[in-house]
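To start, the structure itself, in structure tokens.
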Amino acid sequence: MSSAGDGEVWIYHERQEAQLCGQHALNNLVQAAVFSPMSLSEVAGQLDQMELTFMSANNEGGVRSKDYLNRLAEGSGNVDASGNFSIEVLRSALLNQYGLSLPNIRQQGIGDQTEVTEIEGFICNREAHWFAIRKINGRFWNLNSTKERPELISHFHLAAEIEGLQNSGYSVFCVVKNLPAYCTTSAGRERGLPQYWWKESDLVEGKTQAITGATDPWKDVGSGIRLDGSSTGASSGGVSSGSTNGGGYGMTEDEQLQMALAASLENYAEAPPAAVKSFQVKPEPAVSEPGAVRIQFRLPNNSGRVVRRFLDTEPVGSVYAFVQQSAPPPPGKSTLELKFGFPPTDLLPHQDATIGETKLSGESIQGRYV
């Protein structure tokens, strides 16, 4: 039997708590309280461990090497003390739970192949803030956790909205299709806390007293709502945050990470030796300059993190030149190694390709000298 209230579309919009906007952005994207600080911290820890394992296996001296000890002293590279998670954590969590990728919209050239209004969801990031834009019932909604309620974005203005975010320094990531279904039943609202559900028709009509899940007169009728906010799995798309088999993979997160690490090590062992060529570092382009992209670096020698803009037409070799200029090699080590992505991929074979061709926009690059 259908639950009371069936047929209405409901929009899930978590509000900001501490600096957990990465968690809120993911939950708002999938329209359910699936990801928790604990589950995302576990993913961050697994990614950190994978990086350390890789370093110990490929560094002379193993766990006693200077590079390994410096990386260990840095602490987590994927979550800080305030709960701000890296893009690698968000990508890995979404992949593990739903089998969905989260490419940078510029990185993948999706804007050239797909109309922006055909994309189902976006994750936007600038510095330490993350938020989601999601298509629900044929309409796009800004689900920024700092906003009081979801805000409607028309199809006509969506492209301008995305472009404006990029021009103001945001990196925009996207899920083209296959996001979990949005909520249309009272039972479906068990996937999240009642105060975060908004009745779509009230928002579209601009009502100042829009009904939420907490004020819905039907909220105690039918299957009811669990006030702890945990998912019961009764509705499609509602997956427990403790689940490790999301996206139909049939493996635990640890098994997937170990497989990725093994593949990474195998690829590294088979890679032919190559030398870093000499490139020039061009002046940093302005945020508004066409083709400007942002890349985050974890510099070698415990030199910290930095974000820098490049033109997508510049060669990858200019990235090597920038890192060498920003963090010169220590005595006895002269070969710079740069890796990006998940699992980590060596950039050296791509040094003559452009940044755009290598799809580095919005990526995080790790560097070390060997």
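The values are calculated or read from the model by the stated rules, or taken from the named source; none is laboratory data. Remember, predicted model here, so these are calculated numbers, not experimental data. Backbone-built Cβ (ideal geometry, glycine too); neighbour counts: all protein chains shown. The protein model used for the area step is the full one, side chains on, heavy atoms only, and it has no ligands, DNA or RNA in it. Shrake-Rupley method; radii C 1.70, N 1.55, O 1.52, S 1.80 Å.
Might you check whether a residue that is touching a residue at least 60 places away in the same chain (Cβ under 8 Å) and among the basic types (Lys, Arg) occurs anywhere in the range 101-118?
Yes, the range 101-118 contains at least one residue that is touching a residue at least 60 places away in the same chain (Cβ under 8 Å) and among the basic types (Lys, Arg).
Could you tell me whether residue 370 is farther than 24 Å from residue 100 by Cβ, open to solvent by 40 Å² or more (accessible area, probe 1.4 Å) and among the hydrophobic types (A, V, I, L, M, F, W, C)?
Answer is yes for this residue.
Would the range 71-89 turn up any residue that is in contact with a His (Cβ under 6 Å, 6 or more places away or on another chain) and modelled with pLDDT of 85 or more?
no
Name the residues in the range 285-327 that are open to solvent by 30 Å² or more (accessible area, probe 1.4 Å) and assigned to a helix (DSSP H, G or I), would you?
Residues satisfying the conditions are 324, 325, 326.
Could you tell me how many of the residues in the range 139-170 are closer than 16 Å to residue 204 by Cα, within 19 Å of the chain's Cα centre (by Cα) and modelled with pLDDT under 95?
Counting residues in the range 139-170 that are closer than 16 Å to residue 204 by Cα, within 19 Å of the chain's Cα centre (by Cα) and modelled with pLDDT under 95 gives 0.
Any idea which residue in the range 328-365 is modelled with the lowest pLDDT, counting only those that are out of contact with any helix residue (DSSP H, G or I) (no Cβ under 8 Å at 6 or more places or on another chain), of a type in the set (Gly, Ala, Ser) and not in a helix (DSSP H, G or I)?
341
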